[in-house]
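Every read-out reported here was derived from the displayed coordinates using simple, explicitly stated rules and does not represent laboratory data. All values derive from a computational prediction rather than experimental measurement. For neighbour counting, all protein chains shown are included, and Cβ atoms are generated from backbone atoms with ideal geometry for every residue, glycine included.
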Amino acid sequence: MASEPLLELDSVEAGYGRAALVLRGLTVRVPPATIVCLVGPNGAGKSTALKVASGLLKPRSGRIRVNGRDVTGEGPRRMLATHGVAHVLQGHSVFPEMTVAENVAAGAYTVRDKAFVARRTDFVKELFPVVAERWKSLAGLLSGGQQKQVEFARSLMVDPSVVLLDEPSMGLDPKTAGTVFDQVVRMRDAGTAVLLVEQNARRALEIADIGCVLDLGKVHIEGPAGDLLANPDLADLYLGGSARAY
Ligand SMILES: Nc1ncnc2c1ncn2[C@@H]1O[C@H](COP(=O)(O)OP(=O)(O)O)[C@@H](O)[C@H]1O
Ligand SMILES: [Mg+2]
């Protein structure tokens, strides 16, 4: 039996202002210690789904649950600090004029327990060696891939139950993207559930456990990521060419 999801978006409808709905009955479940990858064309609503999951955007209907608890309508601060849903946004969000140490510490700004913060700091430095190596550097001096790992480390400071990653490989060369994907696997292996959105669908499905193809605001196909990769129709439609030609 599949384990109870840690995070569940259930029949979510959401959009921006008076414009047409972007999410039209989206259902996604993220089990514990699992990488679930959302793929789909530009504008399909992938980033919008993550915004709803982290409380940045309120759904018009449907439910959000964390560990079976209904958290629909809660804002981003409570979603992070109380329910353990951390969101690493699309693009770069390090503070360039601050050190790596300060950037990582910023992830724990809601946490009062100093011993907890110290333990988490040791944990993320071990998980992301480059973060430890560049600890005293200004974050703006790091490469794009290194900055992404600083963002990952920051997101793990509260010991989240699930991390939402929006296009972490964007703008990175293939080798650096590979390192970043390896780090996503390490986060999962360390026990964090991951909801991953990627343009680089093939690479993302290669590291994911479960894949969901999103189109026009709802999930069209869902299954073990390996099955999605092996499906030639899907490859043609969404992965930039058939697996046979790869
Ligand atoms: N802040 C916003 N205000 C208005 N429309 C938006 C906003 N963000 C995204 N949209 C629209 O919502 C749709 C889905 O966008 P998004 O979730 O960013 O797609 P994806 O991440 O899959 O590329 C697009 O049509 C986009 O133009
Ligand atoms: Mg997006």
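Some notes on this structure:
- Count, lysine Cα pairs under 16 Å in the chain, 8 or more residues apart or across chains: 6
- Residue of L57, L172, L205 that the Gaussian network model of the chain assigns the largest fluctuation, springs spanning Cα pairs under 10 Å: L172
- Taking the Cα centre of the chain as origin and assigning +1 to Lys and Arg Cβ atoms and -1 to Asp and Glu Cβ atoms, the resulting dipole is close to 660 debye.
- Relative contact order [Cα under 8 Å, 6+ residues apart], segment 7-245, whole percent: 27 percent
- If you take the alpha carbon atoms of the chain and fit the smallest convex hull around them, that volume is 125 Å³ per residue.
- Computed [θ] at 222 nm, helices only, for the chain once each DSSP H run of length n ≥ 4 contributes -39500 (n - 2.57): -10000 deg cm²/dmol
- Lys, Arg +1 and Asp, Glu -1 on Cβ, resulting dipole of segment 82-127 about Cα centre, debye, nearest 20: 180 debye
- Using only side-chain charges placed at the Cβ, +1 for Lys and Arg and -1 for Asp and Glu, the dipole size of segment 1-107 relative to its Cα centre rounds to 380 debye.
- DSSP assigns beta bridges within segment 7-245; of those with both partners inside it, close to 55 percent run antiparallel.
- A simple packing score, the average count of other Cβ atoms within 10 Å per residue, orders the peptides 87-96, 5-14 as 5-14, 87-96, with the highest score first.
- Candidates G107, G68, G17: whichever shows maximal mean-square fluctuation once the chain is modelled as a Gaussian network with Cα springs under 10 Å: G17
- Charge dipole of the chain about the Cα centre (unit charges at C-beta), most positive-ward option of N103, V184, L156: N103
- Candidates L214, L50, L138, ranked by Gaussian network fluctuation over the chain, Cα under 10 Å, top entry: L138
- Rule-of-thumb Rg ratio for segment 13-125 [Cα; 2.2 N^0.38 Å; N residues]: 1.22
- The Cα center of segment 60-128 and the Cα center of segment 190-227 differ in position by 22 Å.
- Charge dipole of the chain about the Cα centre (unit charges at C-beta), most positive-ward option of C212, L237, A81: A81
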